[in-house]
Amino acid sequence: MSGKITTTVHAGIIPDEQIALLSTIADGVLEMKIDEDSHRFVRIKSFRGLRVAPNWVPFDFEEEEEGGSVVFSWRRD
């Protein structure tokens, strides 16, 4: 049996031990943060089956010209 679930967790809302438990059963963990200057950053902390470098990279939301959709984008320098 397989399924899908996406969970959003804000640090401080649930205990760190529960966040750690969720991380062990998840296929991947994506973290986001905003610094003191309101710059947004994202990193892939872990992803099952892949080796990742958990580096913080800037991201933003961009509106596409056609259709008005919003796209989540980041740079890979």
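The values are calculated or read from the model by the stated rules, or taken from the named source; none is laboratory data. What you are looking at is a predicted structure, and each value in this text was computed from that prediction instead of being measured. Reconstructed Cβ throughout: ideal geometry from the backbone, glycine too, with neighbour counts over all protein chains shown.
The combined condition, being surrounded by 10 or more Cβ atoms within 10 Å (Cβ to Cβ), under 23 Å from PHE59 (Cβ atoms) and at pLDDT below 85, is not fulfilled by VAL29. Based on what the data block shows, is ASP35 acidic (Asp, Glu), exposed (fewer than 12 other Cβ atoms within 10 Å of the Cβ), out of contact with any Gly (no Cβ under 9 Å at 6 or more places or on another chain) and free of Cβ contacts under 8 Å to residues at least 24 places away in the same chain? Taking the combined requirement at face value, the residue satisfies it. If you go through the range 60-69 one residue at a time, do you hit one that is modelled with pLDDT under 85 and of a type in the set (Phe, Trp, Tyr)? Checked against the condition, which is being modelled with pLDDT under 85 and of a type in the set (Phe, Trp, Tyr), the range 60-69 yields at least one hit. For the range 10-21, the criterion of being in contact (Cβ under 8 Å) with a residue 12 or more places away in the chain, out of contact with any helix residue (DSSP H, G or I) (no Cβ under 6 Å at 6 or more places or on another chain), surrounded by 11 or more Cβ atoms within 10 Å (Cβ to Cβ) and not aromatic (Phe, Trp, Tyr) is satisfied by no residue at all.
Can you tell me which residues in the range 23-60 are within 18 Å of HIS10 (Cα to Cα) and among the charged types (D, E, K, R)? GLU31, LYS33, ASP35, GLU36, ARG40, ARG43, LYS45, listed by residue number.
If we keep just the residues of the range 1-26 that are of a type in the set (D, E, K, R) and farther than 25 Å from SER73 by Cβ, which is modelled with the highest pLDDT?
For the range 1-26, the residue satisfying everything is GLU17.
In summary, strands (runs of 3 or more DSSP E) completely within the range 6-77 and bearing 3 or more residues that are of a type in the set (A, V, I, L, M) occur at 28-34.
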